[in-house]
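Report on the structure given below.
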Amino acid sequence: MGSQDQGGNELDVVVIGAGFAGLYMLHSLRKAGFTVRVLEAGSGIGGTWYWNRYPGARCDVQSLEYSYGFDEDLEQEWEWTEKYATQPEILAYLEHVAERFDLHRDIQLDTLVTAATFDEGTNSWTVETEAGDRLTSRFVVAATGCLSSANVPDIPGRDSFEGPTYHTGRWPHEGVDFTGQRVAVIGTGSSAVQAIPIIAEQAAELTVFQRTATYAVPAHNEPLDPELVTEVKARYREVRAANRLAMAGFGALSTLQPGGTSALEVGEDERERLLEERWQTGGLGFLGAFPDTLLSPEANEVVAEFVRAKIRSIVKDPDVAELLCPKQVIGCKRLCVDTGYYETFNRPNVRLVDISTSGIEAITPTGVRANGTDHEVDVIVFATGFDAMTGALTRIRFEGAGGRTLADAWSEGPKTYLGIGVAGLPNLFLITGPGSPSVLTNMVTSIEQHVEWITDCLTYLRAGGHERIEADPAAVEQWVAHVNGIAGFTLFPTCNSWYLGANIPGKPRVFMPLPGLGPYVAQCDAVAANGYEGFLIDAHRHAGTPLAAEAKGAEAVS
Ligand code: N01
């Protein structure tokens, strides 16, 4: 089954990326007897948690849930310190995982993959790196992350600025000292919401450029209660299983049950009580007060107005408060979880500049021009997000059967089967790709489900002596229609979110993730149980590829 790397070693799988997905993919495949090499662009492992080192970076899914469940000893021995873990703590956890499972020996750092070409004669991929290395393997798994291709907008004069500029997703490892500096932050998404309160404490002046106001709910982060940790560790199997069946891959630790009655059917006092209870609890579970928040515009408005009232009560200047009140549907863009975000706009050294009408006009050598005013600054922070879900994939030139590239296949927006397979690109697997729940869930839950599904699939192929699998174009079309159909029932497509690719000029506007993890997991299981229904297995067997050769490969990895 295996192909060869440059050193002549048998390789079954090349995995691209060494974040949560790539690390577990390596471990899982190795355990199943496959030979694997992981190629990672960074100088260290960790993916998102390697790159996003901006001030205040932490996860907004509880650490006891945002962690691997595949190894019982691992989950028992690791001690999280806070309800929501910081970036350094999550990175330390991933380093621990890599050490514990001896992963480093199969990971090649500082290796940017630029292209991968499928050879129909041998049914294998040749993966090329920026340094000119070539590796050949039967399968490629893209564990490239959904939010890893940084978006630095092409604002006129961007490169003329004479001071330092930073993107939150490419933060310097040594940190940045903003003491005494005049700082501009462009963007008000999750990264900015976390960074702004901390930058404001350091900087002499902070100017925030806001194109769209954001909804943020309090984190109420706190040190983890040892009693809670003991209690969760005692029932971890149940917690992990419940999360995999849940709509968003988390929530098993929540003290609040998802609301069962429409926001429009409960009385005003009860609505207020339910929302206040969730506001005081904190976190993303805020959106779970009513079942129709993301389905009915009227129900949504009830929840949105509750948050606007909170903003008006926190922010002292009524004009600033009004600018900070979002107009779009709540939850349509990803909800932010904050610690002191709105309060920061009460500080005398913080200014909010509304750029909703005409954007940023220019970046000049000394600052940022908006609404005809030049804002002089020493430093610019781009908290401008990512070319989400597709950017990290399409920047690699994947060339599949008949010279068809991934960029060709996705010219009208990403099209996949299950978010895992792409028609015309055999033996390529995506982890948490577009068309799967991915970014609408706890990423670790979704990653583990995909890793295990892919491992089972490769084991099945090996057992059957198969060397090629690809998504059936008809199954892809049906799946894309299914994803659009489900998204169409929700309010998600109603705003300019990165879920739709709307943040990247020229990107096709397609809702990329699939709402609802639990039902999706059942579909993936059914596909596997039915012999990988919707995938073509050895459908285009090359006449010159004898089965004996693959059987020999299968022996080598078994
Ligand atoms: O990026 P974003 P992010 N001119 O795309 C603005 C995850 N995450 O890095 O809304 C001016 O959300 C843009 O404006 P608009 C999480 O899934 C998780 O903050 O497009 N402004 C927006 O305000 C999150 O959703 C965590 O009008 C421009 C901002 O920049 C995802 O990563 C923490 C602009 C970008 O916001 C991405 O978050 C951090 C332009 N040309 C991130 N272009 C946690 O777990 C863009 N903007 C807590």
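Using a 1.4 angstrom probe with every protein chain in place, what is the largest-first accessible-area order of 37, 351?
Working: 37 55, 351 110 Å².
Correct descending sequence by accessible area is 351, 37.
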To test your reading of the geometry: what angle, between 0 and 90 degrees and rounded to tens, separates the Cα axis of helix 297-314 from the longest principal axis of the chain? 50
Please determine, in degrees from 0 to 90 and to the nearest 10, the orientation of helix 268-281 with respect to the longest principal axis defined by the Cα atoms of the chain, where the helix direction is its Cα long axis. 70
For the range 9-94, listing GluC sites (Glu not before Pro) in a DSSP loop whose Cβ sees at most 13 other Cβ atoms within 10 Å gives 79
Restricting the range 246-312 to GluC sites (Glu not before Pro) in coil, as DSSP defines it, with at most 15 other Cβ within 10 Å: 265
Give the shape of the chain as rounded, prolate or oblate, defined through the alpha-carbon gyration tensor: a ≥ b ≥ c are the square roots of its eigenvalues, a/c under 1.5 means rounded, and otherwise the shape is prolate if a/b is larger than b/c and oblate if not. prolate
Straight-line reach check, residue 83, cutoff 17 Å on alpha carbons, 8 or more apart in-chain or any other chain, hits among aspartates and glutamates -> 60, 65, 75, 222, 225, 227, 231, 338
Can you give me the % of accessible surface on the range 106-261 that is carbon or sulfur? Probe 1.4 Å, all protein chains present, nothing else counted. 50
If you count only protein heavy atoms and use a 1.4 Å probe, how large is the accessible surface of residue 59, to the nearest 10 Å²? 10
Compute, for the chain, the length of the dipole vector about the Cα centre, with Cβ point charges of +1 (Lys, Arg) and -1 (Asp, Glu) only. Units Debye, rounded to 20. 800
Singleton cysteines, the chain, no second Cys beta-carbon under 4.7 Å -> 59, 146, 325, 336, 457, 524
Magnitude of the charge dipole, the range 254-312, Cβ model with Lys/Arg +1 and Asp/Glu -1, debye to 20: 320
Where only protein heavy atoms count, and the probe is 1.4 Å, what is the accessible area per residue for the chain in Å²? 39
Folded to 0 to 90 degrees: helix 517-529 orientation relative to the chain principal axis, Cα: 0
With all protein chains present and a 1.4 Å probe, how do 28, 190 order by accessible area, largest first? 190, 28
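Let a ≥ b ≥ c be the square roots of the eigenvalues of the Cα gyration tensor of the range 123-187; is it rounded (a/c under 1.5), or, if not, prolate (a/b larger than b/c) or oblate?
The shape class here is prolate.
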Give the residue from 59, 433, 41 lying farthest towards the positive end of the charge dipole for the chain; charges sit on Cβ (+1 for Lys and Arg, -1 for Asp and Glu) and the dipole is referred to the Cα centre. 433
Considering the options 340, 166, 508, tell which one lies farthest towards the positive end of the dipole of the chain, charges being +1 on Lys and Arg and -1 on Asp and Glu at the Cβ, about the Cα centre. 508
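The values are calculated or read from the model by the stated rules, or taken from the named source; none is laboratory data. Note that the structure is predicted; figures quoted are calculated from it, not measured. Cβ: placed from backbone, ideal geometry, glycine included. Neighbour counts: every protein chain shown. These accessible areas exclude ligands, DNA and RNA; they are computed on the full protein's heavy atoms, side chains included. Shrake-Rupley method; radii C 1.70, N 1.55, O 1.52, S 1.80 Å.
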